[in-house]
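Peer 1: Right, I'll just put the structure down here and ask away after.
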Amino acid sequence: MPVTPPRSLTELFLGFLSIGARSFGGVMPWAHRVIVEERRWMSPEEFTATIGLCQFLPGPNVGNASVVLGRKWFGLKGSIVAFLGFFGLPFVWVLVLAALWTEVATNPLARSIVTGVAAAGAGLFIGTAIKLGKPLARKPAALVVIAGCFIAVGVGRASMLIVIPVALLISYLLARRGLL
């Protein structure tokens, strides 16, 4: 399938608006779906690489990606437009939900609903992790880095402040040897 970046700032804004508007339970599944599957702005490999870069930056991954991709396609204006499209509507919803939550936070039914939503979000996250891993599955060295990071953080409970720079260095060395 051909990849076609957004053709206008309006298209960019509406694309990131649709990600932000549908991102209940997690942003990554919707970002992948909109950017790669629906709008075909990027290939799965490009998306994985961009999210990988944004993972190393402080802040939300897809928020960072909105700035990076907006800049890539339309310069500074694109960064601003993509960022506002992505965060605008969720910002309003969070303010409204925060006001509502203060009214129902002690209700056991509300707490149970939030637990169910968290479980759904975890499922979406796992599904997206699998999608992001597909382009890397053909690269054994990438699988070693993935496994190492998972073991270090997920099992060994090592700090990401240590794991990320180490993974970056290892990935750099593997890429220089043509293994990534």
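The values are calculated or read from the model by the stated rules, or taken from the named source; none is laboratory data. Please read all numbers here as calculations on a predicted model, not as lab measurements. Here Cβ is always computed from backbone atoms with ideal geometry, including for glycine, and neighbour counts include all displayed protein chains.
Peer 1: Filtering region 17-40 down to residues that are part of a loop (DSSP other than H, G, I, E, B) and surrounded by fewer than 20 Cβ atoms within 10 Å (Cβ to Cβ), which residue is nearest to the chain's Cα centre (by Cα)? Don't jump to the end; show me each part of the working.
Peer 2: First pass over region 17-40, keeping only residues part of a loop (DSSP other than H, G, I, E, B): 22-27, 39-40.
Imposing the further condition that a residue be surrounded by fewer than 20 Cβ atoms within 10 Å (Cβ to Cβ) reduces the set to 22, 24-26, 39-40.
Working: Arg22: 13, Phe24: 13, Gly25: 12, Gly26: 8, Arg39: 16, Arg40: 16 Å.
Once the filter is applied, the top-ranked residue is Gly26.
Peer 1: Ile146 is checked against (1) exposed (fewer than 12 other Cβ atoms within 10 Å of the Cβ); (2) within 16 Å of Gln55 (Cβ to Cβ) and fails just one. What number does that condition carry?
Peer 2: Going through (1) exposed (fewer than 12 other Cβ atoms within 10 Å of the Cβ); (2) within 16 Å of Gln55 (Cβ to Cβ) one by one, Ile146 breaks only (1).
Peer 1: When you check Thr106 against the structure, is it loosely packed, with under 14 Cβ neighbours inside 10 Å, in a helix (DSSP H, G or I) and either out of contact with any Ser or Thr (no Cβ under 8 Å at 6 or more places or on another chain) or modelled with pLDDT of 90 or more (or both), yes or no? Quick ask: steps written out before the conclusion?
Peer 2: Working: loosely packed, with under 14 Cβ neighbours inside 10 Å: yes; in a helix (DSSP H, G or I): no; either out of contact with any Ser or Thr (no Cβ under 8 Å at 6 or more places or on another chain) or modelled with pLDDT of 90 or more (or both): yes.
The answer is no for Thr106.
Peer 1: Which one is farthest from Gly133 (Cα to Cα), of the residues in region 41-59 that are over 11 Å from the mean Cα position of the chain (by Cα) and not in a helix (DSSP H, G or I)?
Peer 2: Pro58
Residues are listed down the side, and each one gets a yes or a no for (1) over 25 Å from His32 (Cα atoms); (2) not in a helix (DSSP H, G or I):
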{"site": "Phe91", "(1), (2)": "no, no"}
{"site": "Thr102", "(1), (2)": "yes, no"}
{"site": "Val117", "(1), (2)": "no, no"}
{"site": "Phe125", "(1), (2)": "no, no"}
{"site": "Ile130", "(1), (2)": "no, no"}
{"site": "Arg138", "(1), (2)": "no, yes"}
{"site": "Gly148", "(1), (2)": "no, no"}
{"site": "Arg157", "(1), (2)": "yes, yes"}
{"site": "Ala175", "(1), (2)": "no, no"}
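Peer 1: State yes or no: is Val67 out of contact with any Leu (no Cβ under 8 Å at 6 or more places or on another chain) and surrounded by 14 or more Cβ atoms within 10 Å (Cβ to Cβ)? Talk me through it step by step, then tell me what you get.
Peer 2: Details: out of contact with any Leu (no Cβ under 8 Å at 6 or more places or on another chain): yes; surrounded by 14 or more Cβ atoms within 10 Å (Cβ to Cβ): yes.
Criteria met by Val67.
Peer 1: While we're here: Out of Val145, Val96, which single residue is in the same structural domain as Leu179 (by TED's automatic domain parsing), at pLDDT below 95 and over 18 Å from Trp30 (Cβ atoms)? Working first, answer last.
Peer 2: On the way: Val96 fails: in the same structural domain as Leu179 (by TED's automatic domain parsing).
One residue alone meets the criteria, Val145.
Peer 1: Right, here's the next one. Between residues in region 8-19 that are closer than 17 Å to Phe91 by Cβ and without any contact (Cβ under 8 Å) to a residue 40 or more places away in the chain and residues that are buried (at least 17 other Cβ atoms within 10 Å of the Cβ) and not hydrophobic (A, V, I, L, M, F, W, C), which pairs lie under 9 Å by C-beta distance while being six or more apart or on different chains?
Peer 2: Ser18/Arg39; Ser18/Gly85
Peer 1: Could you please let me know if Leu14 is among the hydrophobic types (A, V, I, L, M, F, W, C) and either under 22 Å from Leu136 (Cα atoms) or in a loop (DSSP other than H, G, I, E, B) (or both)? I'd like the intermediate steps shown before the answer.
Peer 2: Numbers: among the hydrophobic types (A, V, I, L, M, F, W, C): yes; either under 22 Å from Leu136 (Cα atoms) or in a loop (DSSP other than H, G, I, E, B) (or both): no.
Judged against the criteria, Leu14 is not a match.
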